[in-house]
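The numbers here are math on the coordinates, done by the rules we state, and not lab data. This structure is a prediction, so every number in the text was calculated from the model and none was measured. Ideal geometry is used to build each Cβ from the backbone, glycine not excepted, and the neighbour counts take in all protein chains shown.
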Amino acid sequence: METDLKRIALGIEYDGSPWKGWQTQPSRDAIQDILEQALRKFTGQAIHVQCAGRTDAGVHALEQVVHLDTDVHRETVSWVRGLNANLPPSIAVRWAHPLPQFGDEQFHARYSATGRTYHYLIYNNPVRSPLLRQRAGWVFRPLDEVRMQDAARLLTGTHDFSAFRAAQCQAKTPVRELHEAQVTRQGDMLVFTVRANAFLHHMVRNIVGSLIYVGNGSHPPEWIAELLDGGDRHQAAPTFSPDGLYLARVDYDAKWQLPQAARSAFPQLGIHP
């Protein structure tokens with residue numbers, strides 16, 4: 001007997017600081033584990049989810065996108081309210097969307113994505129802020145955002161990003177296409193925004209670490225181009241803290257009609273990347 005399976009997409013926002021990253025863990029304390037537990041309570045079924053991009057421990061998401069297959073029928077708003085009733089305060093479903101199918105083409109949270117955007121927040125002040133703990137990276141030395149932007153500009157385009165790739169990265173190729181890389185300052189907060197077709201493991205945090213070396217005067221902006229050309233991870237800066245890293249948006253073809261409303265990324269902090 002055939003089952004009436006439907007594919008549903010969910011937009012998930014989370015504070016990653018209490019969890020061991022996105023991907024399921026034997027200890028069952030990853031964000032995927034918590035979401036799948038909520039799905040079991042809400043539907044009475046064991047449902048597996050696929051995400052757009054795995055985030056590491058301590059990394060946050062303004063809008064992670066996942067999909068799931070189920071024969072459970074609920075109103076769209078019920079998926080949001082029902083799941084949130086079973087999720088901890090650090091994780092919330094922002095929206096749900098039943099997906100159409102175009103012939104043999106079916107939506108996939110990861111493989112249908114055409115681009116991804118990350119923000120990294122750096123609190124640049126001589127004194128750390130307890131209120132920004134695990135919400136932003138902290139650099140006490142003054143940073144020159146103009147130098148950092150000059151360096152970030154050199155990252156755009158298609159490059160071999162081996163110099164910014166973690167040793168444990170499992171990607172088949174280190175080549176990625178960066179569409180955007182910007183550094184802006186709003187008071188004591190620096191916002192690094194990067195958008196690409198895909199990212200390597202720790203790539204954003206490794207880039208941020210090297211941009212900080214440029215911003216504090218340790219290296220000129222042109223050093224970033226030298227790192228790209230050399231492809232040696234050991235010549236770049238150490239991996240920076242996960243605290244200020246946010247998966248901000250995942251891009252898809254408009255035909256899927258996902259309700260990804262544009263909104264200020266950090267209204268609580270008055271920051272508008």
- Amide H contacts of residue 94 (H built 1.01 Å from N, under 5 Å, at least 5 apart or other chain): 11, 12, 13
- Cα gyration tensor of the stretch 6-111, axes a ≥ b ≥ c as square roots of the eigenvalues: rounded (a/c below 1.5), prolate (a/b > b/c) or oblate? prolate
- Item | Candidates 256, 95, 79, ranked by Gaussian network fluctuation over the chain, Cα under 10 Å, top entry | 256
- In nm, what is the difference between 0.36 nm times the number of residues separating residue 226 and residue 46 and their Cα-Cα distance? 59.9 nm
- Here FRET efficiency (C-beta to C-beta, residue 141 to residue 4, R₀ 45 Å, nearest 0.05) is 0.15
- Query: Shape call for the stretch 89-154 from the C-alpha gyration tensor, a ≥ b ≥ c root eigenvalues: rounded (a/c under 1.5), prolate (a/b greater than b/c) or oblate?
  - Reply: oblate
- Note on the structure: The extension gain from residue 101 to residue 253, computed as 0.36 nm times the residue separation minus the Cα-Cα distance, is 53.4 nm
- Task: Could you calculate the contour length gain from residue 92 to residue 54, that is, 0.36 nm times the residue separation minus the distance between their Cα atoms, to one decimal place in nm?
- Result: 12.0 nm
- Item | Gaussian network model of the chain, springs between alpha carbon atoms under 10 Å - residue of 187, 230, 82 with greatest fluctuation | 187
- May I ask you to list the residues of the stretch 229-254 whose amide nitrogen lies under 19 Å from a point 7 Å from Cα along the Cα→beta-carbon direction of residue 133? 241-245
- Interchain or sequence-distant (5+) residues whose placed amide H lies within less than 5 Å of the amide H of residue 165 are none
- Item | Radius, Kirkwood style, for the chain when every pair of distinct Cα atoms is counted (Å) | 19.7
- Message: Which of 87, 247, 121 ends up with the largest GNM mean-square fluctuation for the chain, with Cα atoms connected below 10 Å?
- Response: 87
- Query: Considering every pair of different Cα atoms, what Kirkwood radius, in Å, is found for the stretch 115-247?
  - Reply: 14.6
- Message: Quick check: net charge around residue 121, other residues with Cβ under 11 Å of its Cβ, Lys/Arg +1 and Asp/Glu -1?
- Response: -1
- If amide H atoms are built 1.01 Å from N in the plane of the peptide, which residues on other chains or at least 5 residues away come under 5 Å of the amide H of residue 19? 58
- Convert 4 °C to kelvin, take the viscosity as 1.567 mPa s, use the Kirkwood radius over C-alpha pairs of the stretch 186-260 as Rh, and evaluate the Stokes-Einstein diffusion coefficient in µm²/s, rounded to a whole number. 89
